[in-house]
Every structure is written in structure tokens, then in C-alpha cells.
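Single-structure report; data block below.
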Amino acid sequence: MRHSKLIPEVNAGSMADIAFLLLIFFLVTATISSDEGLNRLLPRPCPTGTDCSTDVNERNILRVVINGNDEIMIENEIVSIEDLKERTKTFLDNNGDGSCGYCNGDKNNISSDNPKEAIVSLQNSKQTTYKTFIAVQNELTKAYYELRQAYSLNKIGKVVDKLTETEMKQVKNAYPFILSEAETK
């Protein structure tokens, strides 16, 4: 008697269907992370052979430093994250030279001339945490936003969200967002 060795076969016809259904399931249920980051426009590169450095009056620079212990310093004075926005607004809206007709500042002679000349210099240590760095960036952005919102309401009569493109350019020109993360001399 001859026994033929029968090898059992697995029906793989439906395996492709199951794999396809699993793939669809995971694609539908998985969350796809979206890229998030800071919305900043980088400066254009300096043309070769051109000196792109500019002299800036010292009073027009607000130096914000985050040290390795996540302490925030403005002009070598430790401040809290809660005070950063107001201190920045006071600096930007100072109207030190009296040329800003829409500014509401104190005209302090050691603070910025006007918002168009004001520069916020942000420096951080290598040990600064990302959380603190982003929190500082958020507070600086809020300061500019609130000044722009006040300008928009007082001069144009609209909230920032309802401005036309031309009106938005006017608001941004009144309070240009000038943030430098380069080391200052």
C-alpha cells in the first residue's frame, strides 16, 4: 500500500483582504501629527561682498536672556514670565523720541525711540528648556499682538481678525515684529 504524503495547504486567498482591512483600519484610526512650530519670517541672506550690519541705538534694544536655570532676565534683571509681556509692551510703545503719534508710552529716555526702531533681542543658554523658550516666544508675540490690536481698534476701528490685507499691512508697519536671536555686540 502506498501512502501518499499529502501536505495540507492553507487557503491564503482571504489573507490579502484581511491585510487590506487592517491597513484601512489603522489609517483611519491613527492620528497624523501635523507640523507645528514658530511662525517666523527669516531675513533674506546678505549678498556676497555687502556689509549688511546696521548700527542700532542701544536704547532701542530690549535684551531678553534665558539662562541655563530657565530664569528670564531683561537688561540683567530677573523677571517672571508673567511680567515679560507688559515689560515688552512698555518698551515697544515708549515713544522716546516723540515721533510716534499713536504710541501711548511714557517717553522714557532709556527705552525705545518708537516701535519701528525697537528690537527685541532674545538669547538663550544651551541648557534652556524648550518649554521655557516657547513660553518666552509666546509672551513676546502676545505683546506685539496686543499693541497691534489696540492700534487697529483706535486707528482703523476694527479688530485685527476683520482687517483687509491693506489694513493689516498698516498695522504691521505701525508695530513691526523685530525679534533678533543673534548675539548682540
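Bear in mind these aren't lab numbers, they're just calculated from the coordinates by the rules spelled out. The model shown is predicted, which means the values in this text are computed figures rather than measured ones. Cβ placement follows ideal geometry from the backbone for every residue including glycine, while neighbour counts extend to all protein chains displayed.
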(request) Using amide H atoms built 1.01 Å from N in the peptide plane, name the residues 5+ places from Cys100, or on other chains, whose amide H lies under 5 Å from its own. (result) none
(request) Mind listing the long-range amide H neighbours of Ser180? Cut-off is under 5 Å, sequence gap 5 or more, other chains count too, H placed in the peptide plane at 1.01 Å from N. (result) Val120, Ser121, Leu122
(request) With θ set to phi - 60°, apply the Karplus curve 6.51 cos²θ - 1.76 cosθ + 1.60 along the range 77-91 and write out the HN-Hα couplings as whole Hz, x wherever there is a Gly or Pro. (result) 10, 6, 10, 7, 4, 5, 8, 4, 4, 5, 5, 5, 4, 4, 5
(message) Could you give each residue of the range 105-122 its phi-based ³J(HN,Hα) in whole Hz, using Karplus coefficients 6.51, -1.76, 1.60 with θ = phi - 60°, and x for Gly or Pro?
(response) x, 8, 6, 5, 7, 10, 10, 4, 5, 6, x, 6, 9, 6, 10, 9, 9, 10
(request) Could you run the Karplus curve 6.51 cos²θ - 1.76 cosθ + 1.60 with θ = phi - 60° over the range 123-135 and give me ³J(HN,Hα) per residue in whole Hz, x for Gly and Pro? (result) 10, 9, 7, 5, 8, 5, 6, 4, 4, 5, 4, 5, 4
(message) Explain nothing, just the number: dipole magnitude of the range 58-180 about its Cα centre with +1 on each Lys and Arg Cβ and -1 on each Asp and Glu Cβ, in debye rounded to the nearest 20.
(response) 440 debye
(request) Based on other C-beta atoms within 10 Å, arrange Cys46, Cys100 from fewest to most. (result) Cys46, Cys100
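For the range 100-156, rounded, prolate or oblate, judged on the Cα gyration tensor with a ≥ b ≥ c (square roots of eigenvalues), a/c < 1.5 rounded, else prolate if a/b > b/c? Numbers along the way, then the final one.
Numbers: a/c = 3.73, a/b = 1.71, b/c = 2.17.
Oblate, since a/c reaches 1.5 and b/c is not below a/b.
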(request) For the range 55-176, give the share of DSSP beta bridges that are antiparallel, in percent and rounded to the nearest 5; count only bridges with both residues there. (result) 50 percent
(request) Among the lysines, select those whose C-alpha is under 23 Å from the C-alpha of Lys107, and discard any that sit fewer than 8 residues away in the same chain. (result) Lys85, Lys89, Lys116, Lys142, Lys155, Lys172
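First obtain the Kirkwood hydrodynamic radius of the chain from its Cα pairs, then insert it into the Stokes-Einstein equation at 10 °C and 1.306 mPa s, and state the resulting D in µm² per second as a whole number.
77 µm²/s
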